[in-house]
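Taken together, the values in this text are just the output of simple stated rules run on the coordinates, not laboratory data. These numbers come from a predicted model, not from an experiment. A quick note on method: Cβ atoms are made from the backbone with ideal geometry, for glycine too, and the neighbour counts reach across all protein chains shown.
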Amino acid sequence: MKLILLGAPGAGKGTQAEVICDHLHIPSVSTGNLLREAVKKQTEYGVKAKSFMDSGKLVPDEIVLALLKERIAQDDCKNGFILDGFPRTVAQAQTLEEMGVAVDAVIDIEVPDEAITQRMSGRRVCEACGASYHIVSKPTKVEGVCDRCGGKLVIRKDDQPETVKDRLNVYHNQTEPLIEYYQKSGKLKVVDGQGDVGEVAARTLAALEA
Ligand code: AP5
Ligand code: MG
C-alpha cells in the first residue's frame, strides 16, 4: 500500500505516520527527516538545504527528489510506504506520478492554524531517529530521552513562532492546492486532526478501511 499524509506543519503527519506504519507494516518516508539527516551529516544536499529549512521555505525539488528516489528504492519500501511531507506542491505530485508511484489513498489531517502554533511550541524531536514528541500531549517516559532509540531530544530550529508562521504561509499557498488535486482523483480522505493522538489515529485507520 502507498499512502500520502497531507496536512499543515504540526498537523501530526509524523505522529500518525508512526502509528500507521506499525499497523500496516510499511515504513514511513518523511522528506523532512531525510533532509534533516542530510543537514546533520553535512552532505552536499544537506548544506544546500539548510537555509531553506531554517527559514521555513520549501527546499528545491532537485534535492528533495534525489533523496526521495534513493529512499523509496530501498528494499523495505517494496511492499509500500507512507509519504509524510511529500508531495508539497502540485508539481511534486505530478512528478510522483511520472515516477510511476501509484498512490492508494491520501489522508488530509486537518488542524486549524491556532492549534498548530500551540503544538509546535511543545514539540521535541529525537536527534538520532527523528521521532516526534510533545511535552504535554506525547511526553517520553524519561524526560529528554527518545522512547524508541534512547537518542537525545532537541527543539527543531524551524519551530520558533516566527518561522512557524512562515511555514504555515508556505503551506496555505503551495501545499493546500493538493487537497483539491487529490479530491479530483477520488483518493482523498479528510481526517479531523484535533483531539488526542489516539483519537486521531483511530479516525485515520478507520478512514483507511472505509
Ligand atoms: P517537515 O519535517 O515535513 O515539516 P512540516 O511539514 O512542517 O511538518 P512537521 O514535521 O512540523 O509536522 P507534522 O505534521 O509531522 O507534525 P508532528 O507529528 O511532528 O519539513 C521540514 C522542512 O523540510 C520544510 O519546511 C521544508 O523546508 C523541507 N521539506 C520537507 N519536505 C519537503 C518537500 N516535499 N519539498 C520541499 N521542501 C521540503 O506533530 C507536531 C507536534 O504536535 C508534536 O509535538 C506532536 O507530538 C504533537 N501532536 C501530534 N498530534 C497531536 C494531537 N493529536 N494532539 C496534541 N498534540 C499532537
Ligand atoms: Mg513531521
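Here the alpha carbons of segment 1-55 define both size measures, Rg and Dmax, at 13.1, 35 Å. Seen from a random direction on average, the alpha-carbon convex hull of segment 62-188 projects onto 9.1 square nanometres. A straight chain from Lys48 to Lys184 at 0.36 nm per residue would run longer than the Cα-Cα distance by 45.5 nm. On the beta carbon distance between Cys129 and Lys78, with R0 = 22 Å, the FRET formula returns roughly 0.50. Take every pair of alpha-carbon atoms less than 8 Å apart whose residues are at least six positions apart; their mean separation over the length of segment 71-210 yields a relative contact order of 29 percent.
Averaging the Cα positions of each part gives two centres, and for segment 147-208 and segment 82-100 these lie 16 Å apart. Summing charges over all other residues whose Cβ lies under 12 Å from the Cβ of Lys2, with Lys and Arg as +1 and Asp and Glu as -1, gives 0. The slack in the chain from Val142 to Asp196, taken as 0.36 nm per residue of separation less the alpha-carbon distance, amounts to 17.4 nm. Here the gap between Lys41 and Gln94, fully extended at 0.36 nm per residue and compared with their Cα-Cα distance, gives a gain of 16.1 nm. For the chain, the antiparallel share of DSSP beta bridges with both residues in that region comes to about 30%. Here is how the number arises for the chain: DSSP H runs of 4 or more residues each give -39500 (n - 2.57), the sum is divided by the residue count, and the result at 222 nm is -13500 deg cm²/dmol.
Would you kindly calculate the mean projected area, averaged across all directions, of the convex hull enclosing the Cα atoms of segment 11-118, in square nanometres? Result: a mean projected hull area of 7.6 nm².
Taken along the Cα-to-beta-carbon direction at a fixed 7 Å, the label points for Ala115 and Asp61 span 3.3 nm. For His172, neighbours were defined as the other residues whose beta-carbon sits under 15 Å from its Cβ, and their charges (Lys and Arg +1, Asp and Glu -1) total -3.
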